[in-house]
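Since the structure comes first, as C-alpha coordinates, the remarks are kept for the end.
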Amino acid sequence: MMKPLLAIETSCDDTCCAVVAGDGRVLASVVSSQTEVHAPYGGIVPELASRHHLMNLPCVVDEALAGAGVAMEQIGAVASTAGPGLLGSLLVGLSYGKAAASALGVPFYAVNHIEAHLHSPWIERPDFKYPVLALVASGGHSHLFFCKSEDERLLVSATRDDAAGEALDKVAKHIGLPYPGGPWIDRLARRGDARAVSLPLPRFTSGELDYSFSGLKVAALHHLNKLGVHLPLDADAEQWPQWAYDLLASFQKRVVDHLLQRVRGAALELHPAGVVMAGGVACNSLLRERLAKLADELGVAHAFPSPKYCADNAAMVGFKALDRYRAAAPSEIGADSFPSSVWQRMSLRHKAQRARREEG
Ligand code: KG4
Ligand code: ZN
(Lines give C-alpha, C1' and ligand atoms only; values in the text may rest on other atoms or scores of the structure.)
(Ligands and ions follow the chains in the order given, each with its own letter.)
Protein backbone atom coordinates (compact mmCIF):
# COMPACT_ATOMS: atom_id res chain seq x y z
CA MET A 1 0.00 0.00 0.00
CA MET A 2 1.24 3.51 -0.84
CA LYS A 3 2.12 5.78 2.02
CA PRO A 4 0.12 9.04 2.24
CA LEU A 5 1.30 12.30 0.67
CA LEU A 6 1.77 15.57 2.56
CA ALA A 7 0.66 18.70 0.65
CA ILE A 8 1.33 22.37 1.37
CA GLU A 9 -0.27 25.51 -0.09
CA THR A 10 0.91 29.04 0.79
CA SER A 11 0.50 30.95 -2.48
CA CYS A 12 -1.66 33.74 -1.11
CA ASP A 13 -3.03 34.48 2.37
CA ASP A 14 -4.15 31.04 3.59
CA THR A 15 -1.67 28.67 5.24
CA CYS A 16 -2.81 25.19 4.21
CA CYS A 17 -1.69 21.61 4.74
CA ALA A 18 -3.36 18.34 3.76
CA VAL A 19 -2.68 14.64 3.99
CA VAL A 20 -3.91 12.71 0.94
CA ALA A 21 -3.97 8.90 0.72
CA GLY A 22 -2.47 7.15 -2.31
CA ASP A 23 -6.01 6.29 -3.50
CA GLY A 24 -7.04 9.98 -3.55
CA ARG A 25 -8.95 10.13 -0.25
CA VAL A 26 -8.35 13.36 1.66
CA LEU A 27 -7.35 12.23 5.18
CA ALA A 28 -7.06 15.79 6.56
CA SER A 29 -7.15 19.32 5.14
CA VAL A 30 -6.35 22.26 7.39
CA VAL A 31 -6.68 25.90 6.34
CA SER A 32 -5.44 28.67 8.60
CA SER A 33 -6.90 31.92 7.34
CA GLN A 34 -5.09 35.25 7.67
CA THR A 35 -8.25 37.26 7.07
CA GLU A 36 -7.93 39.09 10.40
CA VAL A 37 -4.30 40.01 9.69
CA HIS A 38 -5.12 41.71 6.38
CA ALA A 39 -8.62 43.03 7.13
CA PRO A 40 -7.47 46.44 8.47
CA TYR A 41 -5.70 47.09 5.14
CA GLY A 42 -8.66 46.15 2.91
CA GLY A 43 -6.51 43.72 0.90
CA ILE A 44 -3.57 41.35 1.20
CA VAL A 45 -0.23 42.81 2.34
CA PRO A 46 2.41 40.46 0.82
CA GLU A 47 5.04 41.01 3.52
CA LEU A 48 2.57 40.22 6.29
CA ALA A 49 1.32 37.16 4.39
CA SER A 50 4.76 35.54 4.09
CA ARG A 51 5.65 36.34 7.69
CA HIS A 52 2.43 34.74 8.96
CA HIS A 53 2.95 31.66 6.75
CA LEU A 54 6.34 31.26 8.38
CA MET A 55 4.82 31.46 11.87
CA ASN A 56 1.75 29.30 11.15
CA LEU A 57 2.96 26.56 8.84
CA PRO A 58 4.60 24.23 11.43
CA CYS A 59 1.39 24.21 13.55
CA VAL A 60 -0.81 23.73 10.48
CA VAL A 61 1.30 20.74 9.38
CA ASP A 62 1.12 19.22 12.90
CA GLU A 63 -2.65 19.70 12.93
CA ALA A 64 -3.07 18.05 9.52
CA LEU A 65 -0.92 15.05 10.50
CA ALA A 66 -2.78 14.68 13.80
CA GLY A 67 -6.15 14.98 12.02
CA ALA A 68 -5.16 12.26 9.57
CA GLY A 69 -3.71 10.07 12.34
CA VAL A 70 -0.45 9.85 10.42
CA ALA A 71 3.09 10.40 11.78
CA MET A 72 5.57 12.44 9.73
CA GLU A 73 7.72 9.29 9.27
CA GLN A 74 4.80 7.58 7.52
CA ILE A 75 4.68 10.19 4.72
CA GLY A 76 5.70 8.83 1.29
CA ALA A 77 5.96 12.08 -0.72
CA VAL A 78 5.59 15.83 -0.26
CA ALA A 79 3.99 18.36 -2.64
CA SER A 80 3.94 22.17 -2.45
CA THR A 81 2.49 24.92 -4.61
CA ALA A 82 5.34 26.53 -6.58
CA GLY A 83 3.24 29.25 -8.32
CA PRO A 84 1.54 31.34 -9.48
CA GLY A 85 1.16 33.55 -6.41
CA LEU A 86 2.99 35.95 -4.12
CA LEU A 87 6.68 35.03 -4.29
CA GLY A 88 7.46 35.56 -0.62
CA SER A 89 4.48 33.45 0.39
CA LEU A 90 5.21 30.70 -2.14
CA LEU A 91 8.79 30.42 -0.93
CA VAL A 92 7.68 29.54 2.59
CA GLY A 93 5.62 26.51 1.53
CA LEU A 94 8.04 25.47 -1.20
CA SER A 95 11.09 25.55 1.09
CA TYR A 96 9.23 23.76 3.86
CA GLY A 97 8.06 21.05 1.45
CA LYS A 98 11.51 20.50 -0.02
CA ALA A 99 13.12 20.41 3.42
CA ALA A 100 10.54 17.91 4.71
CA ALA A 101 10.99 15.68 1.63
CA SER A 102 14.80 15.79 1.99
CA ALA A 103 14.68 14.98 5.68
CA LEU A 104 12.31 12.06 5.07
CA GLY A 105 14.18 10.85 1.98
CA VAL A 106 10.98 10.89 -0.13
CA PRO A 107 10.17 12.54 -3.49
CA PHE A 108 9.05 16.18 -3.71
CA TYR A 109 6.53 17.43 -6.30
CA ALA A 110 5.97 21.07 -7.33
CA VAL A 111 2.36 21.95 -8.13
CA ASN A 112 0.88 24.76 -10.22
CA HIS A 113 -1.84 26.47 -8.17
CA ILE A 114 -4.23 26.95 -11.10
CA GLU A 115 -3.80 23.35 -12.24
CA ALA A 116 -4.60 22.27 -8.68
CA HIS A 117 -7.81 24.38 -8.71
CA LEU A 118 -8.67 22.98 -12.15
CA HIS A 119 -8.38 19.40 -10.98
CA SER A 120 -10.15 19.95 -7.62
CA PRO A 121 -13.66 18.95 -8.83
CA TRP A 122 -12.32 15.39 -9.29
CA ILE A 123 -11.52 15.05 -5.56
CA GLU A 124 -15.21 14.42 -4.93
CA ARG A 125 -16.17 13.27 -8.45
CA PRO A 126 -13.28 11.01 -9.55
CA ASP A 127 -15.31 9.60 -12.48
CA PHE A 128 -16.41 12.94 -13.95
CA LYS A 129 -15.91 12.75 -17.73
CA TYR A 130 -13.65 14.89 -19.95
CA PRO A 131 -13.67 17.01 -22.06
CA VAL A 132 -14.83 19.83 -19.80
CA LEU A 133 -15.06 23.58 -19.72
CA ALA A 134 -13.47 24.65 -16.45
CA LEU A 135 -13.98 28.03 -14.83
CA VAL A 136 -11.42 29.17 -12.24
CA ALA A 137 -12.64 32.32 -10.51
CA SER A 138 -10.94 33.69 -7.42
CA GLY A 139 -9.52 36.89 -5.97
CA GLY A 140 -6.54 36.67 -8.31
CA HIS A 141 -7.77 34.70 -11.35
CA SER A 142 -10.65 34.52 -13.79
CA HIS A 143 -9.86 31.87 -16.38
CA LEU A 144 -11.96 29.62 -18.55
CA PHE A 145 -10.19 26.51 -19.87
CA PHE A 146 -11.15 23.76 -22.26
CA CYS A 147 -9.66 20.59 -20.78
CA LYS A 148 -9.46 17.50 -22.97
CA SER A 149 -7.93 15.49 -20.13
CA GLU A 150 -6.26 16.20 -16.80
CA ASP A 151 -3.08 17.32 -18.54
CA GLU A 152 -4.32 18.76 -21.85
CA ARG A 153 -5.83 22.18 -21.55
CA LEU A 154 -6.28 25.32 -23.63
CA LEU A 155 -7.12 28.75 -22.28
CA VAL A 156 -10.39 30.04 -23.74
CA SER A 157 -10.80 33.24 -21.67
CA ALA A 158 -8.76 35.21 -19.17
CA THR A 159 -9.45 38.53 -17.52
CA ARG A 160 -7.95 41.61 -19.13
CA ASP A 161 -8.01 43.55 -15.86
CA ASP A 162 -9.54 42.69 -12.46
CA ALA A 163 -10.38 39.13 -11.47
CA ALA A 164 -14.04 38.45 -10.58
CA GLY A 165 -13.31 38.14 -6.85
CA GLU A 166 -11.16 41.25 -6.91
CA ALA A 167 -14.02 43.30 -8.41
CA LEU A 168 -16.47 41.90 -5.83
CA ASP A 169 -14.03 42.70 -3.01
CA LYS A 170 -13.42 46.27 -4.24
CA VAL A 171 -17.10 47.18 -4.55
CA ALA A 172 -17.71 45.57 -1.15
CA LYS A 173 -14.91 47.62 0.42
CA HIS A 174 -16.19 50.87 -1.11
CA ILE A 175 -19.68 50.38 0.30
CA GLY A 176 -18.30 49.47 3.75
CA LEU A 177 -17.97 45.67 3.97
CA PRO A 178 -14.96 43.90 5.50
CA TYR A 179 -12.37 42.07 3.37
CA PRO A 180 -12.95 39.72 1.64
CA GLY A 181 -16.29 41.11 0.52
CA GLY A 182 -17.36 38.27 -1.81
CA PRO A 183 -19.05 36.13 0.87
CA TRP A 184 -20.79 39.24 2.28
CA ILE A 185 -22.15 40.20 -1.13
CA ASP A 186 -23.35 36.61 -1.61
CA ARG A 187 -25.40 36.84 1.59
CA LEU A 188 -26.61 40.48 1.47
CA ALA A 189 -27.55 40.35 -2.23
CA ARG A 190 -30.38 37.95 -1.29
CA ARG A 191 -32.18 40.93 0.28
CA GLY A 192 -31.89 43.08 -2.84
CA ASP A 193 -33.59 43.41 -6.22
CA ALA A 194 -31.06 42.43 -8.90
CA ARG A 195 -33.02 44.41 -11.53
CA ALA A 196 -32.87 47.66 -9.56
CA VAL A 197 -29.62 49.03 -10.98
CA SER A 198 -28.74 48.73 -14.63
CA LEU A 199 -25.06 47.88 -15.12
CA PRO A 200 -23.43 47.22 -18.52
CA LEU A 201 -22.16 43.81 -19.62
CA PRO A 202 -18.57 43.97 -20.89
CA ARG A 203 -18.20 43.60 -24.67
CA PHE A 204 -15.11 43.67 -26.85
CA THR A 205 -15.09 44.95 -30.40
CA SER A 206 -12.49 42.31 -31.30
CA GLY A 207 -15.14 39.69 -30.45
CA GLU A 208 -12.99 37.67 -28.14
CA LEU A 209 -14.28 35.68 -25.23
CA ASP A 210 -12.06 37.38 -22.67
CA TYR A 211 -13.26 38.57 -19.30
CA SER A 212 -13.14 42.14 -17.99
CA PHE A 213 -14.50 43.10 -14.61
CA SER A 214 -13.10 46.57 -14.07
CA GLY A 215 -15.72 48.37 -16.21
CA LEU A 216 -18.47 46.67 -14.25
CA LYS A 217 -16.75 47.60 -10.99
CA VAL A 218 -16.36 51.25 -12.05
CA ALA A 219 -20.03 51.40 -13.13
CA ALA A 220 -21.08 50.14 -9.68
CA LEU A 221 -18.78 52.63 -7.91
CA HIS A 222 -20.03 55.42 -10.16
CA HIS A 223 -23.63 54.55 -9.27
CA LEU A 224 -22.72 54.72 -5.57
CA ASN A 225 -20.99 58.08 -5.96
CA LYS A 226 -23.95 59.52 -7.88
CA LEU A 227 -26.28 58.70 -5.00
CA GLY A 228 -24.49 61.38 -3.00
CA VAL A 229 -24.60 59.37 0.22
CA HIS A 230 -21.84 59.19 2.79
CA LEU A 231 -19.66 56.12 2.21
CA PRO A 232 -18.57 53.76 3.63
CA LEU A 233 -21.89 52.86 5.29
CA ASP A 234 -21.87 52.07 9.00
CA ALA A 235 -20.55 48.73 10.20
CA ASP A 236 -23.90 47.01 10.83
CA ALA A 237 -24.61 45.67 7.35
CA GLU A 238 -27.83 44.04 8.62
CA GLN A 239 -29.45 47.48 8.98
CA TRP A 240 -28.49 49.07 5.68
CA PRO A 241 -30.97 50.93 3.46
CA GLN A 242 -32.62 48.90 0.70
CA TRP A 243 -30.72 50.68 -2.11
CA ALA A 244 -27.46 49.17 -0.80
CA TYR A 245 -28.78 45.60 -1.01
CA ASP A 246 -30.24 46.39 -4.46
CA LEU A 247 -26.87 47.60 -5.73
CA LEU A 248 -25.07 44.53 -4.35
CA ALA A 249 -27.67 42.21 -5.90
CA SER A 250 -27.46 43.99 -9.28
CA PHE A 251 -23.67 43.95 -9.27
CA GLN A 252 -23.42 40.29 -8.25
CA LYS A 253 -25.92 39.36 -10.97
CA ARG A 254 -23.87 41.16 -13.61
CA VAL A 255 -20.62 39.47 -12.47
CA VAL A 256 -22.38 36.10 -12.75
CA ASP A 257 -23.97 37.06 -16.12
CA HIS A 258 -20.53 37.91 -17.48
CA LEU A 259 -18.90 34.71 -16.16
CA LEU A 260 -21.67 32.58 -17.66
CA GLN A 261 -21.86 34.46 -20.96
CA ARG A 262 -18.36 33.19 -21.79
CA VAL A 263 -19.09 29.64 -20.60
CA ARG A 264 -22.18 29.56 -22.82
CA GLY A 265 -20.35 30.93 -25.87
CA ALA A 266 -17.50 28.45 -25.46
CA ALA A 267 -19.82 25.49 -24.78
CA LEU A 268 -21.81 26.11 -27.96
CA GLU A 269 -18.58 25.96 -29.88
CA LEU A 270 -16.64 23.24 -28.13
CA HIS A 271 -19.36 20.75 -27.09
CA PRO A 272 -17.81 19.68 -23.78
CA ALA A 273 -19.20 16.69 -21.86
CA GLY A 274 -19.37 18.76 -18.69
CA VAL A 275 -18.66 22.04 -16.93
CA VAL A 276 -16.72 22.39 -13.69
CA MET A 277 -15.59 25.35 -11.61
CA ALA A 278 -13.22 26.14 -8.77
CA GLY A 279 -11.65 29.08 -6.91
CA GLY A 280 -13.14 31.11 -4.05
CA VAL A 281 -15.80 32.76 -6.24
CA ALA A 282 -17.09 29.25 -7.07
CA CYS A 283 -18.53 29.29 -3.50
CA ASN A 284 -21.00 31.96 -4.67
CA SER A 285 -24.52 30.61 -4.33
CA LEU A 286 -25.98 32.51 -7.31
CA LEU A 287 -23.11 31.38 -9.56
CA ARG A 288 -23.53 27.74 -8.47
CA GLU A 289 -27.27 27.85 -9.06
CA ARG A 290 -27.03 29.55 -12.45
CA LEU A 291 -24.10 27.50 -13.79
CA ALA A 292 -25.93 24.28 -12.83
CA LYS A 293 -28.99 25.58 -14.71
CA LEU A 294 -26.91 26.53 -17.73
CA ALA A 295 -25.31 23.07 -17.79
CA ASP A 296 -28.80 21.51 -17.76
CA GLU A 297 -29.89 23.79 -20.61
CA LEU A 298 -26.81 22.82 -22.60
CA GLY A 299 -27.45 19.15 -21.82
CA VAL A 300 -24.05 18.66 -20.14
CA ALA A 301 -23.05 17.38 -16.70
CA HIS A 302 -21.65 19.65 -14.00
CA ALA A 303 -19.37 19.17 -10.99
CA PHE A 304 -18.73 21.91 -8.45
CA PRO A 305 -16.48 21.11 -5.47
CA SER A 306 -17.73 21.65 -1.92
CA PRO A 307 -16.81 25.17 -0.75
CA LYS A 308 -13.86 23.78 1.30
CA TYR A 309 -12.23 22.62 -1.97
CA CYS A 310 -13.21 25.75 -3.99
CA ALA A 311 -11.25 28.28 -1.93
CA ASP A 312 -7.51 27.84 -1.48
CA ASN A 313 -6.64 24.52 0.19
CA ALA A 314 -3.83 21.98 0.18
CA ALA A 315 -6.01 18.93 -0.57
CA MET A 316 -6.18 20.01 -4.22
CA VAL A 317 -2.38 20.41 -4.26
CA GLY A 318 -1.84 16.87 -2.98
CA PHE A 319 -4.50 15.51 -5.32
CA LYS A 320 -2.80 17.17 -8.30
CA ALA A 321 0.56 15.56 -7.39
CA LEU A 322 -0.90 12.05 -7.02
CA ASP A 323 -0.37 10.94 -10.63
CA ARG A 324 3.35 11.71 -10.40
CA TYR A 325 3.61 10.05 -6.99
CA ARG A 326 1.80 6.91 -8.17
CA ALA A 327 3.99 6.73 -11.27
CA ALA A 328 7.10 7.13 -9.08
CA ALA A 329 8.07 10.20 -11.16
CA PRO A 330 11.47 11.69 -10.31
CA SER A 331 11.59 14.13 -7.40
CA GLU A 332 11.38 17.83 -8.36
CA ILE A 333 13.49 19.07 -5.50
CA GLY A 334 15.15 21.71 -7.73
CA ALA A 335 11.82 23.36 -8.72
CA ASP A 336 11.69 27.16 -8.45
CA SER A 337 8.81 29.36 -7.36
CA PHE A 338 7.12 31.45 -10.08
CA PRO A 339 4.77 34.47 -9.78
CA SER A 340 2.69 33.87 -12.93
CA SER A 341 1.84 31.22 -15.52
CA VAL A 342 1.51 31.38 -19.30
CA TRP A 343 -1.21 29.21 -20.87
CA GLN A 344 -1.60 27.99 -24.39
CA ARG A 345 -4.57 29.85 -25.84
CA MET A 346 -7.42 28.71 -28.02
CA SER A 347 -8.95 31.23 -30.40
CA LEU A 348 -12.72 31.19 -30.63
CA ARG A 349 -13.17 34.51 -32.35
CA HIS A 350 -15.97 33.66 -34.76
CA LYS A 351 -17.73 31.56 -32.15
CA ALA A 352 -17.70 34.47 -29.74
CA GLN A 353 -19.47 36.55 -32.35
CA ARG A 354 -22.12 33.86 -32.70
CA ALA A 355 -22.62 33.76 -28.94
CA ARG A 356 -23.05 37.53 -28.89
CA ARG A 357 -25.60 37.41 -31.69
CA GLU A 358 -27.58 34.84 -29.72
CA GLU A 359 -27.54 37.09 -26.69
CA GLY A 360 -29.04 39.84 -28.85
O1 KG4 B 1 -9.51 31.05 -4.19
P2 KG4 B 1 -9.53 32.07 -3.08
O3 KG4 B 1 -9.80 31.57 -1.68
O4 KG4 B 1 -8.16 32.84 -3.01
C5 KG4 B 1 -7.52 33.36 -4.14
O6 KG4 B 1 -7.84 34.52 -4.49
O7 KG4 B 1 -6.71 32.61 -4.74
O8 KG4 B 1 -10.59 33.20 -3.50
C9 KG4 B 1 -10.84 34.31 -2.72
C10 KG4 B 1 -11.89 35.15 -3.43
C11 KG4 B 1 -12.14 36.48 -2.76
O12 KG4 B 1 -12.18 37.49 -3.75
C13 KG4 B 1 -13.52 36.29 -2.14
O14 KG4 B 1 -14.25 37.48 -2.01
C15 KG4 B 1 -14.17 35.34 -3.11
O16 KG4 B 1 -13.13 34.44 -3.48
N17 KG4 B 1 -15.29 34.61 -2.51
C18 KG4 B 1 -16.56 34.76 -2.89
C19 KG4 B 1 -17.34 33.91 -2.07
N20 KG4 B 1 -16.49 33.27 -1.21
C21 KG4 B 1 -15.23 33.70 -1.51
N22 KG4 B 1 -17.12 35.53 -3.83
C23 KG4 B 1 -18.44 35.46 -3.98
N24 KG4 B 1 -19.25 34.70 -3.24
C25 KG4 B 1 -18.75 33.91 -2.27
N26 KG4 B 1 -19.56 33.14 -1.54
ZN1 ZN C 1 -6.54 30.08 -5.53
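Considering each of 254, 191 in turn, give the residue that is more than 24 Å from residue 44 (Cβ to Cβ), open to solvent by 70 Å² or more (accessible area, probe 1.4 Å) and either within 15 Å of ligand 1 (Cβ to nearest atom) or out of contact with any strand residue (DSSP E or B) (no Cβ under 9 Å at 6 or more places or on another chain) (or both). One residue alone meets the criteria, 191. Checked across region 263-273, the condition of being within 21 Å of the chain's Cα centre (by Cα) and assigned to a strand (DSSP E or B) holds for no residue. Residue 115 - would you say it is within 14 Å of ligand 1 (Cβ to nearest atom) and among the acidic types (Asp, Glu)? Yes: the conditions hold for residue 115. With respect to residue 348, determine if the residue is of a type outside the set (D, E, K, R) and at pLDDT below 90. In short, yes. Selection of first residues in region 87-115 that are at pLDDT 95 or above and of second residues that are of a type in the set (S, T, N, Q) and assigned to a helix (DSSP H, G or I), restricted to Cβ pairs under 6 Å at least 6 apart or on distinct chains, gives the following pairs, ordered by first then second residue: 88/50; 89/50; 92/50.
In region 117-126, the condition of being among the acidic types (Asp, Glu) and part of a loop (DSSP other than H, G, I, E, B) is met by no residue. On the given criteria, is residue 203 surrounded by fewer than 16 Cβ atoms within 10 Å (Cβ to Cβ) and part of a helix (DSSP H, G or I)? When the stated conditions are applied, residue 203 does not pass them. Among residues of region 154-187 being in a helix (DSSP H, G or I) and small (Gly, Ala, Ser), the one that is surrounded by the fewest Cβ atoms within 10 Å (Cβ to Cβ) is 172. (1) within 16 Å of ligand 1 (Cβ to nearest atom); (2) of a type in the set (Ser, Thr, Tyr); (3) surrounded by fewer than 16 Cβ atoms within 10 Å (Cβ to Cβ): which one isn't true of residue 120, the others all being true? Only one criterion is unmet by residue 120, namely (3).
Yes/no per residue for (1) within 16 Å of ligand 2 (Cβ to nearest atom); (2) modelled with pLDDT of 95 or more; (3) within 26 Å of residue 38 (Cα to Cα); (4) open to solvent by less than 80 Å² (accessible area, probe 1.4 Å):
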position	(1), (2), (3), (4)
218	no, yes, yes, no
228	no, no, no, yes
234	no, no, yes, no
240	no, yes, yes, yes
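Residues in region 126-146 that are touching a Gly at 6+ places or on another chain (Cβ under 9 Å) and away from ligand 1 (no atom under 16 Å from the Cβ): 7 in all. Say whether the condition of being within 15 Å of ligand 2 (Cβ to nearest atom), modelled with pLDDT of 95 or more, of a type in the set (D, E, K, R) and open to solvent by 50 Å² or more (accessible area, probe 1.4 Å) is met by at least one residue in region 310-329. Within region 310-329, not a single residue is within 15 Å of ligand 2 (Cβ to nearest atom), modelled with pLDDT of 95 or more, of a type in the set (D, E, K, R) and open to solvent by 50 Å² or more (accessible area, probe 1.4 Å). Restricting 127, 151 to those that are more than 13 Å from ligand 2 (Cβ to nearest atom), more than 11 Å from residue 316 (Cβ to Cβ), open to solvent by 20 Å² or more (accessible area, probe 1.4 Å) and modelled with pLDDT under 95 reduces the list to 151.
In region 8-23 there is at least one residue that is over 17 Å from the mean Cα position of the chain (by Cα), part of a loop (DSSP other than H, G, I, E, B) and either within 15 Å of ligand 1 (Cβ to nearest atom) or not acidic (Asp, Glu) (or both). If you go through region 276-304, how many residues are of a type in the set (Phe, Trp, Tyr) and over 16 Å from residue 132 (Cβ atoms)? Residues in region 276-304 being of a type in the set (Phe, Trp, Tyr) and over 16 Å from residue 132 (Cβ atoms): 0 in total.
The values are calculated or read from the model by the stated rules, or taken from the named source; none is laboratory data. Treat the numbers as computed from the prediction; the structure is a model and nothing was measured. A quick note on method: Cβ atoms are made from the backbone with ideal geometry, for glycine too, and the neighbour counts reach across all protein chains shown. When the accessible area is computed, the model is the full protein with side chains, heavy atoms only, and any ligands, DNA or RNA have been set aside. Shrake-Rupley method; radii C 1.70, N 1.55, O 1.52, S 1.80 Å.
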